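Okay, so here's the structure we're looking at.
Values in this text are rule-based calculations from the coordinates and carry no lab data. Because the structure is predicted, anything quoted here is derived from the model rather than measured. Quick reminder, even Gly has a Cβ in these numbers, built from the backbone with ideal geometry, and neighbours come from all protein chains shown.
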């Protein structure tokens, strides 16, 4: 039992009224609970005219059917009470605002008898759905992972720290119920433990009740089923890139308005949010700044959502301008080139005020736009900097010139008030935010218009497709072409120092550093993006190349390493010589083995594929006598499965190899060669020629040696059936 935890007011002992067949009441009986500390109320309604008895909590159908055979009165009551007494353990109810947590006291009272255990098992496994039982199993596994062996309690501080390593924060809206339950349990315990709500120690039943509302998300996190499974390793690489970029002191601050020139050039922050809501931030991520041009893709997305692409692009184009972002120029159709330059963004704002919400005032359209931004950010900080707005409006000669030039060419929709449109454009640029909020906005764009933290659908996927296409081709001013070539990802920069990077279906990243280059892009932000795609295969066309020097954080740690060896071994087991030839020509190490030390030659011999055996020995020059975990040679595998032709060939090859052992041991092909190319016989010549052909280590029985892949890491393939090799 929990000391200081109040029970429900209505939990008390009640009298069970008994009736005779004629309806006369007999003296009541008190039903005792198994524990003195707690009691279970047994509510039985009075018998009706037919002598039947109604039960409040449980439906005793089997016992009530006996009433038809005149088993009534006191005997029926006693049997019902006995049945309910066995099925109802001592119960302590904590009624919260929206749900009820139930804690079962197992420390006091009599030990459950065999019949009671059977009833509990029937209740837990037969009545509850399979999904609910699976949920309970996940709760038990989580408790066992973090519980102390000495006390049998779980430290919630340790549990939340483990959850954070997966990328889920304590302030995530999707675990709000978990944090609220912790606070309520802490309050009901009257703060006797002296710990905070997030560091208290709970027993198994309390923990299961606390995490139950969010168990699906929590179990998914600890099972590494997010888009970045090994988030801790990914974070380490991001930290290294961050510190490399921090030493970059190039660039200068924007000075066309005083507020931007006052930023410290040392500000540098990076925030990441994946499509599964995994979060990581480093640096000055809570320092506020204005959106500036980073607001352009957002207002463009709202216009597409409300008006459709056909109407929007009848006013603004989709082509890169090839000119400076605020130049007085239109395309051949007398339209702004794209929504990412100043002219296109001003025209998009005119569509918002004249067509999307024509009945709204200027203040209402501003609130309407800010509400969209807040929904995209999942409720993160979105504010407004009035000083920047006033400075923008005072230094807006070029933007006003763009507005008048477009009005002269009849670019705006009808009933457009140019002054209100310009103010609305400056207001959007003057909205204030931080890296944390912008990373969630970028992740919402990467997630097809669904906010990853609130799971609210904000934009249609078609809208996001069009927005990301424009960002990819026009998002970084005059550097857009080079950025698309080097980074290959949609991005949008702003003169306040922001760089919003979107990796579709993976994550959103926002980097902020005020110093800019000559084209108006943040210097550190550009370097971070380039370092990112040099480390990870996030470039849109990386997966068209077989680049082994880049990491793929979307795959599990051993998935990439084991994929090549699995393909090799299955090719040998199935007798596919064409596939083996393809593996060899691709530069793959044909001597790779699985964790049992079994090579492609083992599997080809055990399955009786003589052509594969000949190819591996004659063309690939693999060793003919590698031992697996159990000390078996390829010839032993062929003998075990009665492949006489393979046995005869391997024995002849072994006899010939005795005359030139050095030749056989040094000619394992591990690099791309032509089909009939001969390798040097001397290992020193091999090293001198730059050809990597290491001699594989023969593993002893019961202790196989790990095999190294081309990148120097240990390769471990999937297991092979030990009873029938090759399957």
Using a Förster distance of 30 angstrom, determine the FRET efficiency expected from the C-beta separation of residue 641 and residue 581, and round it to 0.05.
0.75
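Per 0.36 nm of contour for each residue apart, how much would the distance between residue 415 and residue 140 grow if the chain were fully extended, relative to their Cα-Cα spacing? Write down the numbers at each step before the final one.
Working: separation 275, 0.36 × 275 = 99.00 nm, distance 6.43 nm.
Full extension of this stretch gives 92.6 nm more.
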Between residue 249 and residue 150, Cβ-based FRET efficiency (R0 41 Å, step 0.05) works out to 0.20
Ranked from fewest to most other Cβ atoms within 10 Å of their own Cβ, 624, 602, 556 fall in the order 556, 624, 602
May I ask you to work out the translational diffusion coefficient for the range 499-639 at 37 °C, viscosity 0.692 mPa s, via Stokes-Einstein with Rh from the Kirkwood sum over Cα pairs, reported in whole µm²/s?
180 µm²/s
For the range 424-557, what number results from the quotient of the Cα radius of gyration and 2.2 N^0.38 Å?
1.06
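Take the Cα atoms of the range 226-296, build their convex hull, and give its volume per residue in Å³.
Enclosed volume per residue, from the Cα hull, is 112 Å³.
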Segment residue 331-residue 310, extension gain: residue separation times 0.36 nm, minus the distance between their alpha carbons:
5.8 nm
The computed P(r) of the range 368-433 puts the percent of Cα pairs beyond 18 Å at 46 percent
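Ranked highest first by average number of other Cβ atoms within 10 Å, how do 179-189, 503-513 line up? List each step's numbers first, then the result.
On the way: 179-189: 17.7, 503-513: 25.5.
With the highest mean Cβ count within 10 Å placed first, the list reads 503-513, 179-189.
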On the first, second and third principal axes, largest extent first, how far apart are the outermost C-alpha atoms of the range 269-324 in Å?
42, 31, 18
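How would 541, 381, 263, 425 line up from fewest to most surrounding beta-carbon atoms within 10 angstrom? Each step should come with its number before you reach the end.
Working: 541 8, 381 14, 263 18, 425 28.
By the 10 Å Cβ count, ascending: 541, 381, 263, 425.
Counting each pair of different Cα atoms once, what's the Kirkwood radius of the range 240-544 in Å, rounded to one decimal? All intermediate terms of the calculation are to be shown ahead of the outcome.
Numbers: mean 1/r = 0.0527 Å⁻¹.
By the Kirkwood definition, the hydrodynamic radius is 19.0 Å.
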Once the Cβ-Cβ distance between residue 656 and residue 540 is put in as r, and R0 is 41 Å, what FRET efficiency do you end up with, to the nearest 0.05?
0.20
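Neighbour counts of other C-beta atoms within 10 Å: give me 639, 364 arranged from fewest to most. Intermediate results must be reported in sequence, preceding the final value.
Working: 639 18, 364 11.
Ranking 639, 364 by Cβ neighbours within 10 Å, fewest first, gives 364, 639.
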